Each structure stands twice: as structure tokens, then as C-alpha cells.
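A short write-up of the structure that comes next.
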Amino acid sequence: DCVIVEECLELTRQLRANGFARKCVFCTSNTNDYGNPDPNLATDFLAVNLTFTTNLPWALHEIQT
């Protein structure tokens, strides 16, 4: 699980560094490992403007708004 989130964060960092400004969303129902999100992850997500969601309808809504 740690590898998944770190890869997603790194991909988002690279996208942002190359000018990608659209919304990026990390979606997982695994709140046992990721929290809602975990406070440490929330800081990392905020740093790259990555939104955290726990279900696909919510993720889709975030992308479309």
C-alpha cells in the first residue's frame, strides 16, 4: 500500500512539474491503511494538489468540477 501511494504522489509531482494543472484524485476504499486521509498523507496530498476520495462516484465528481 505504501508503494501505491508513493508512486501516485510521485506521478502527481511530475505532472505538476510539467505544467499539468487539472485535478488529480487518489481514490481508495482502504481507509484502514490510508485513513481519510491520514494526517501525514493529507500534507503530502496538499503539497501536490492531489484530492483524496474513498469511492469512485466521489472521485468522478471531483474530476468533473
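Quick notes
- In the range 24-55, the residue that is nearest to residue 65 (Cα to Cα) out of those that are in contact with a strand residue (DSSP E or B) (Cβ under 8 Å, 6 or more places away or on another chain) and open to solvent by 90 Å² or more (accessible area, probe 1.4 Å) is 49.
- Sub-6 Å Cβ pairs linking a first residue in the range 27-38 that is modelled with pLDDT of 90 or more to a second residue that is open to solvent by less than 50 Å² (accessible area, probe 1.4 Å), at least 6 apart or interchain, are 27/53; 27/59; 28/34; 29/54, ordered by first then second residue.
- Any hit, the range 12-23, residues being loosely packed, with under 13 Cβ neighbours inside 10 Å and at pLDDT below 95: no
The values are calculated or read from the model by the stated rules, or taken from the named source; none is laboratory data. For clarity, every value in this text was computed on a predicted model and none was experimentally measured. Quick reminder, even Gly has a Cβ in these numbers, built from the backbone with ideal geometry, and neighbours come from all protein chains shown. Note: accessible area is taken over every heavy atom of the protein model, side chains too, but ligands, DNA and RNA are not part of it. Shrake-Rupley method; radii C 1.70, N 1.55, O 1.52, S 1.80 Å.
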